[in-house]
Amino acid sequence: MPKIRLEKLTKSYGTFKVLHGINLEIEENEFTVLVGPSGCGKSTTLRMIAGLETVTSGEIYFDNNPISHLEPKDRKLAMVFQDYALYPHMDVARNISFALRLQKLPKAEIENKVKQVAETVGLTNFLSRKPGALSGGQRQRVAMARALAKDSEVFLFDEPLSNLDAKLRGQMRAELAVMRQSVKKNMIYVTHDQIEAMTLADRIVVMNDGHIQQQGTPEMLFKKPANKFVAGFLGSPPMNFMDARIVEENDVLFAEGKEFKIAIPKKKAKSLKKYKGRVIIGIRPSDLIYDPKATSDRALDLRIVVSEYVGAQSVLMCACGDSDITVELKSETPIALGETLRFAVRSEGIHLFDSKTELAL
């Protein structure tokens, strides 16, 4: 399996620039997820790797060999598309074996390969059916099986689950994670769904406006986001943000806003001693804990506006002055709309960003 490297990769359509000098290295046998909002350049990046889009400048390397001049068929990769791209007049077996038959492989070898990949993706009992007789999830399995049958060095997935309903998407996400354990290949997966990214990836690459914002393991990006965009994009419900300024009292640093004054943990305060600018304080909903006895310098007083019951937990939409704040709370906790409750802030859950650059402090 090749090590994949993108070097100063750009893509323009006329004067409109989609990618701005992307640099990325993908290690052998790595499941890499490109994630970001619509229009951020993630699908364009994937299609350039596949050879379906031309490179404006820069280069793509497989094991130090430049490949951007190669036709898609010469790149030893397989791609799974969002819309399945199956042949409706062929049954599942013939859809899976299409590329193998083009290679004129022996019939016994083709049958054996089809049987093997059908078992991997749970299609053994559907080989004689045509796509029109399958559910959306089953069609996507056929598309994956067809890619696996090519025995390519690299597998590319372009938002393969986006056409499925929420329940089926969750099921297919779990099946993909299981399949990943048995298929030892380089996989590059594009999605706008941060839950897919967090649950599937060995490494996440967060993109926005044609730039890579941050890359790393899901845990690293969740706990140590490089900027406000990454912090707000990863996590469900998303991180809360409030404007504040740094003040010092009795050798203790505080993030002070209109309706709050939160003590900054000592570990973070060391690097902020000389910081004079305004900041954005970020707190995830799960880092706000209902605690009526919490001291005011370690808590937020929030007015409950909306409560969404989702089973074991409720998601509260609250107000803190002019700021909208989301909180996750155990559903059995007694609350009333309109009342003000105190929520302690986990010290390790405080994130600070420069108000101008939005970079993490």
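The values are calculated or read from the model by the stated rules, or taken from the named source; none is laboratory data. This is a predicted model, so every value here is computed, not measured. In this analysis, Cβ positions are derived from the backbone assuming ideal geometry, glycine residues included, and neighbour counts consider all displayed protein chains.
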Looking at L24, is it of a type in the set (A, V, I, L, M), more than 16 Å from F155 (Cα to Cα) and free of Cβ contacts under 8 Å to residues at least 24 places away in the same chain? no
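Conditions tested, residue by residue: (1) surrounded by fewer than 21 Cβ atoms within 10 Å (Cβ to Cβ); (2) of a type in the set (K, R); (3) more than 21 Å from F155 (Cα to Cα); (4) free of Cβ contacts under 8 Å to residues at least 24 places away in the same chain.
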| residue | (1), (2), (3), (4) |
| --- | --- |
| Y13 | yes, no, yes, yes |
| K42 | no, yes, no, no |
| L46 | yes, no, no, no |
| L100 | yes, no, no, no |
| K104 | yes, yes, yes, yes |
Of the residues V315, V306, only one is outside the structural domain of T32 (by TED's automatic domain parsing), in a strand (DSSP E or B) and more than 23 Å from the chain's Cα centre (by Cα); which? V306
Would you be able to say whether some residue in the stretch 250-261 is buried (at least 18 other Cβ atoms within 10 Å of the Cβ), of a type in the set (K, R) and modelled with pLDDT under 95? no
Output for the stretch 235-251, where each listed residue is touching a residue at least 40 places away in the same chain (Cβ under 8 Å) and over 26 Å from the mean Cα position of the chain (by Cα): D243
Please go through (1) closer than 29 Å to I60 by Cβ; (2) at pLDDT 85 or above; (3) part of a loop (DSSP other than H, G, I, E, B); (4) over 23 Å from the mean Cα position of the chain (by Cα) for A85 and return the number of the only condition it doesn't satisfy. (2)
In the set K356, K293, K274, K270, the lone residue that is under 26 Å from E219 (Cβ atoms) and either crowded, with 18+ Cβ neighbours inside 10 Å or over 25 Å from the mean Cα position of the chain (by Cα) (or both) is K270
Among the residues in the stretch 139-152, are any at positive phi, in the same structural domain as Y61 (by TED's automatic domain parsing) and surrounded by fewer than 21 Cβ atoms within 10 Å (Cβ to Cβ)? yes
